[in-house]
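First comes the structure, then the notes that go with it.
The values are calculated or read from the model by the stated rules, or taken from the named source; none is laboratory data. These numbers come from a predicted model, not from an experiment. Positions of Cβ are backbone-derived with ideal geometry, glycine not excepted, and every protein chain shown enters the neighbour counts. For accessibility, only protein heavy atoms count, side chains too; no ligands or nucleic acids. Shrake-Rupley method; radii C 1.70, N 1.55, O 1.52, S 1.80 Å.
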Amino acid sequence: MKQAIYLKINRMEDFAMKNMNRWTDVSYLLGIDTYILCDNQSIIDRIKKDVLLSYRCQFISSNKSKEMDFIISRIANLRWANAGYAHLTTFAHAREYGYDWFWNIDADDTQIFLPEERIVQLMKVVEKRTYDEEIDIFSLDMWPTIKKCLNNPQWSFGISYTKSREDWFDILRFHSTDTEYDAINIDMYFTYLRKKGFIRTESFYVENMKFVHYSHNIHLRPVNSYLYHWKQGKLFNPYMYYFLDTKELGEINIADEVIKIDIGIRDDETKETQLHSIQENVNYKPFMPYKYRHNREIARAKADRYFSNNGIDPADVICFGAGKCFQKNIEFIKDICTIQYVVDNDRSLWGEKIEHVRCVSPEKLKGDNHFVIVTLYSEKRSIEILKQLDELGVNQYITFGQLMQLFD
């Protein structure tokens, strides 16, 4: 069985880059062909600059063939036409390249508050359920429950797993001229096809899973984004419930037709990812201590890409600073490279072993072409060390804060 994952992005904001970073990590662990679908070259350039991909992803753009033009002109209005092209491009691309099944992810504005390996576990369960129940498209409950509460039932894309049927475009073309359908967007068109029984699309929720669907920076404009927590038959939105005191929208019954999936999510599994999300959105780095947050396999793959891109030998790395930062994070650093020795300005440490690594004088760096990680938490002190490295003739270095940002 041949599978692919399509990560769609059309936003430039910082949160979009962070979300894309997480989804590429997930796709790396899935081990399937990955395509980033983007129609904006500036966004593509920023992804290449700011997102350290775990492995090679291929960039593709929306398919705007005559076949696609015909369908989109009849099923979506002008506001939603581009989104329609992007969604259906995944269908056309999967057909052209022989994929049997594919994931279709709005990667710029969605985030699941779980470790990456648990997200992969969830996706595998969704895949099996899709096969077993012969579902054409199985999608996360991003809108069905909310829209039903508002008396406007709607199936939706967002995070979905799709069977690559040979007759997809025959169905889409044939019914695009149905007079019963009022052209709005692709989600509403698939809702219509579902209602008429032309295709089988279903939605799922995950017991005790927390999720965010961004519209803007969630902490600056929370009402324009959506917080989800599915638990015990309810869809809970803490912002609506507590801060806006709109309990009728903050805690609603999950729609009957939405299928429950349970992978045993514990309350404590979501905390670290949530805190990380808060930190990245408000850009307040001291909010959380730097620490190793990611799956080791992902960290190693990203480090290999970084070292390779910058011509660095991962077997020849020096740390500068033998204090708390070095001691608390040495296991993470050892995961991604080999530490030759640690340098410190404190003479009393020279010749000692700190966490089994020999500590030496900064003079040792003179004339050597090593890559240096400045292992200090303090930004001010790190800048002082960078000046010292320049004076010693060292021109390849990174601060620990900058290093951690590569993996965020």
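Name every residue in the range 339-382 that is open to solvent by 70 Å² or more (accessible area, probe 1.4 Å) and among the hydroxyl-bearing types (Ser, Thr, Tyr), in order of residue number. 348, 377, listed by residue number. Quick check on residue 22: is it open to solvent by 10 Å² or more (accessible area, probe 1.4 Å), under 11 Å from the mean Cα position of the chain (by Cα) and farther than 20 Å from residue 87 by Cα? So residue 22 fits the description; yes. Of the residues making up the range 1-19, those that are more than 12 Å from the chain's Cα centre (by Cα), of a type in the set (A, V, I, L, M) and buried (at least 19 other Cβ atoms within 10 Å of the Cβ) are 4, 5.
Within the range 328-355, the set of residues being assigned to a helix (DSSP H, G or I) and either hydrophobic (A, V, I, L, M, F, W, C) or under 26 Å from the mean Cα position of the chain (by Cα) (or both) comprises 329, 330, 331, 332, 333, 334, 335, 336, 349.
Does residue 328 satisfy the criteria of being open to solvent by 80 Å² or more (accessible area, probe 1.4 Å) and closer than 30 Å to residue 23 by Cβ? Considered against the rule, which asks whether it is open to solvent by 80 Å² or more (accessible area, probe 1.4 Å) and closer than 30 Å to residue 23 by Cβ, residue 328 comes out as yes.
Would it be correct to say that residue 36 is surrounded by 14 or more Cβ atoms within 10 Å (Cβ to Cβ) and part of a helix (DSSP H, G or I)?
So residue 36 does not fit the description; no.
Of all residues in the range 205-227, those that are modelled with pLDDT under 90 and either out of contact with any helix residue (DSSP H, G or I) (no Cβ under 6 Å at 6 or more places or on another chain) or among the hydrophobic types (A, V, I, L, M, F, W, C) (or both) total 10.
If only residues of the range 376-408 that are part of a loop (DSSP other than H, G, I, E, B) and in contact (Cβ under 8 Å) with a residue 40 or more places away in the chain are counted, the one that is nearest to the chain's Cα centre (by Cα) is 408.
Could you tell me whether residue 306 is of a type in the set (Ser, Thr, Tyr) and either over 22 Å from residue 394 (Cα atoms) or at pLDDT below 90 (or both)? The answer is yes for residue 306.
Among the residues of the range 59-83, just one is open to solvent by 50 Å² or more (accessible area, probe 1.4 Å), small (Gly, Ala, Ser) and within 16 Å of residue 176 (Cα to Cα), namely 73. For the range 362-375, the criterion of being within 20 Å of residue 401 (Cβ to Cβ), assigned to a loop (DSSP other than H, G, I, E, B) and touching a Phe, Trp or Tyr at 6+ places or on another chain (Cβ under 8 Å) is satisfied by at least one residue.
The criterion of being of a type in the set (A, V, I, L, M) and at pLDDT 55 or above does not hold for residue 278. Inspection of the range 40-52 identifies no residue that is closer than 24 Å to residue 156 by Cα and either in contact (Cβ under 8 Å) with a residue 40 or more places away in the chain or surrounded by 21 or more Cβ atoms within 10 Å (Cβ to Cβ) (or both).
The set of residues in the range 182-202 that are in contact (Cβ under 8 Å) with a residue 24 or more places away in the chain, out of contact with any strand residue (DSSP E or B) (no Cβ under 7 Å at 6 or more places or on another chain) and in a loop (DSSP other than H, G, I, E, B) comprises 198, 199, 200.
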